[in-house]
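One structure is given below, encoded as structure tokens.
The values are calculated or read from the model by the stated rules, or taken from the named source; none is laboratory data. Keep in mind it's a predicted model, so treat the numbers as computed, not measured. Cβ atoms come from the backbone with ideal geometry, glycine included; neighbour counts cover every protein chain shown.
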Amino acid sequence: MKLLLISANRERDPYPVFPIGLACLAGALEAAGHLLTALDLCFEADPGRAISSALDEHQPDAVVISLRNLDNVTWPGSRSYLDGVRDIVSLCHARAVTIIGGSGFSLMPVEILASVGAHYGVAAEGEEVLPRLLDCLEGGGDAALLPGVVLPGKTDFMPPLPLSAIGTPDRTLFDVARYCREGGMANLQTKRGCPYGCIYCTYPLLEGRCMRLRPIAEIIAEIRTLVDGYGVSYLYFVDDIFNYPPDFAEELCLAMIAERLAVNWSAFINPDFVTPRLLQLMLAAGCDAVEYGSDSGSSRMLKALGKSFTVDSIRDSSRLCREFGVDFAHYILLGGPGETRETVLETFALMDEVDPTAVITMTGIRIYPGTALEQVALRDGIIAPGDSLLEPVFYISPEIREELCDLVTQEALKRRTWIVPGLEVNINSAMLDALRMFPVKGPLWKLMKRLGRSRVSPM
Ligand code: B12
Ligand code: SF4
């Protein structure tokens, strides 16, 4: 079949992110014999016109739409992307079969399909089921029997099945160089899944709780192609946790070192599995920055959020980063169940103590269906049974709701390393644009220590 792949993501903050999910599908669809063209809306000035001319030019039988983000998960200052997706579907709907999927879609497949109006939806990984759905469309067959396929008007569907093997993305249809230029990096995945159970987190719902590892040789070959074939000099590992399982991370770093890959990289890591040996190997393999999903500096809040690690673990792993001279950022979530003024101040105090390159903080926690936080939010009367979560709803502890924004703004403005996107503390779109002018590879937060400027307060 003739297929048009559309990446719907137009978000450029904190930087444009390469559509690796769609690239994974491209590999599988090409292998199944389909004829592909791609339209990446990220850099299109006029998405409507770009879609219409792609439809005119390629006359596709089906349009495959990838929906990565539902909204910017930021409070206050929340932005939903669903209107844009509705526009994409309505432009394509009469001209071709429309199929929508992606991480954003998979969080609420039935509701999103009803809301955007595509012909088919596919929840979770698409590499195996999408070619089967296209076979069904060509040859007849009951699409409702395929795992993960959602049909309009139906509220239930066969549960998605995990892939038998994670393949290598095919990036040839996309502009890797532009993402490197404007986003500072390319991206890559070494495994899927997270065995942990943080109460708000959707990652185990999207990727499963079981870790599925890719063969090291395939990962190395993919990095080699990125470096030699695309001229990539900076990579981001999109794994939920790069350093878990730790022996796999070690093995990968050793292989990268042996291969002498001329590339720097960063990733999300868990403080519990940071050892001097692993950190040393990571640095030798090109790592120059790490990110921790620490969430809080209060023991009470770490427990309430279901985190697997302790405040001491955050302390110890931060100390190691400082000793080894690697840039590190802590991501903080303020306002979760049980948050009080006291626990917020504990977090500020711990961050002062561990002294990271940057602290990136969100106020309020987005509530998703199927998470433990949804249950807590129902219990606390923040949402009611049957409420739609398509438009973002945030959990904010009733004990601190009134003063959270003022307290965080006031404390964060006293510190040079704190970035609070929702409150525009030390960050706003204009500042991000300005930062992109620096010839920096990798995450922009690495610049915090170099800026030596006065703090940026909300506009
Ligand atoms: C790594 C990551 C980041 C990194 C990206 C770094 C980089 N250079 O790539 C950083 C930290 C920068 C980031 C930022 C953001 N992120 Co993010 N991120 C992720 C994460 C952990 C992995 C994404 C990824 O690359 N997966 C690997 C690829 C292969 O998987 P995939 O894209 O899901 O594609 C598969 C399937 O979805 C499916 N599929 C995809 N498209 C289609 C289409 C069809 C038709 C079909 C059938 C199937 C299909 O098949 C693919 C292959 O299996 C996910 C959570 C997760 N575990 O999924 C969140 C996630 C994607 N992010 C999310 C969000 C919201 C954001 C931000 C808006 C947050 C913010 N305020 O900063 C920004 C947006 C950035 C941007 N410009 O778009 C949300 C999106 C959903 C939502 N809630 O709206 C997620 C799901 C996390 C969450 N909260 O639930 N992110
Ligand atoms: S926050 Fe990290 S460790 Fe916790 S469940 Fe999500 S991906 Fe796993």
* Structure fact -> Of those in the range 198-223 that are in contact (Cβ under 8 Å) with a residue 40 or more places away in the chain and of a type in the set (Val, Ile, Thr), the residue farthest from ligand 1 (Cβ to nearest atom) is Ile220
* Asked: Which residue out of Pro204, Pro215 is assigned by TED's automatic domain parsing to the domain that holds Val263, of a type outside the set (A, V, I, L, M, F, W, C) and within 16 Å of ligand 2 (Cβ to nearest atom)?
  -> Pro204
* **Residue list for the range 94-134, restricted to those being more than 7 Å from ligand 1 (Cβ to nearest atom) and either at pLDDT below 95 or part of a loop (DSSP other than H, G, I, E, B) (or both)** => Ala94, Arg95, Ala96, Met108, Gly117, Ala118, His119, Ala123, Glu128
* Structure fact -> Over the range 199-215, the set of residues more than 16 Å from the chain's Cα centre (by Cα) and surrounded by 16 or more Cβ atoms within 10 Å (Cβ to Cβ) is Ile199, Met211, Leu213, Arg214
* Working only within the range 402-424, note down all residues that are farther than 14 Å from Pro14 by Cα and not in a loop (DSSP other than H, G, I, E, B). => Leu404, Cys405, Asp406, Leu407, Val408, Thr409, Gln410, Glu411, Ala412, Leu413, Trp418, Leu423
* Checking Gly140 against (1) on the phi > 0 side of the Ramachandran plot; (2) assigned by TED's automatic domain parsing to the domain that holds Asn9; (3) surrounded by 22 or more Cβ atoms within 10 Å (Cβ to Cβ), which single condition isn't satisfied? -> (3)
* To do: For residues that are among the hydroxyl-bearing types (Ser, Thr, Tyr) and buried (at least 17 other Cβ atoms within 10 Å of the Cβ), scanning just the range 70-96, find the one that is farthest from Gln59 (Cα to Cα).
  => Thr74
* Structure fact -> Picked from the range 257-284 (must be buried (at least 23 other Cβ atoms within 10 Å of the Cβ) and either away from ligand 2 (no atom under 11 Å from the Cβ) or not assigned by TED's automatic domain parsing to the domain that holds Arg224 (or both)), the residue nearest to Gly338 (Cα to Cα) is Val274
* Scan the range 25-68 for residues that are more than 25 Å from Pro131 (Cβ to Cβ) and either in contact (Cβ under 8 Å) with a residue 40 or more places away in the chain or surrounded by 14 or more Cβ atoms within 10 Å (Cβ to Cβ) (or both) and jot them down. => Cys42, Phe43, Glu44, Pro47, Gly48, Ala50, Ser52
* To do: Take the residues in the range 172-188 that are buried (at least 20 other Cβ atoms within 10 Å of the Cβ) and within 18 Å of the chain's Cα centre (by Cα), then tell me which one is nearest to ligand 1 (Cβ to nearest atom).
  => Asn187
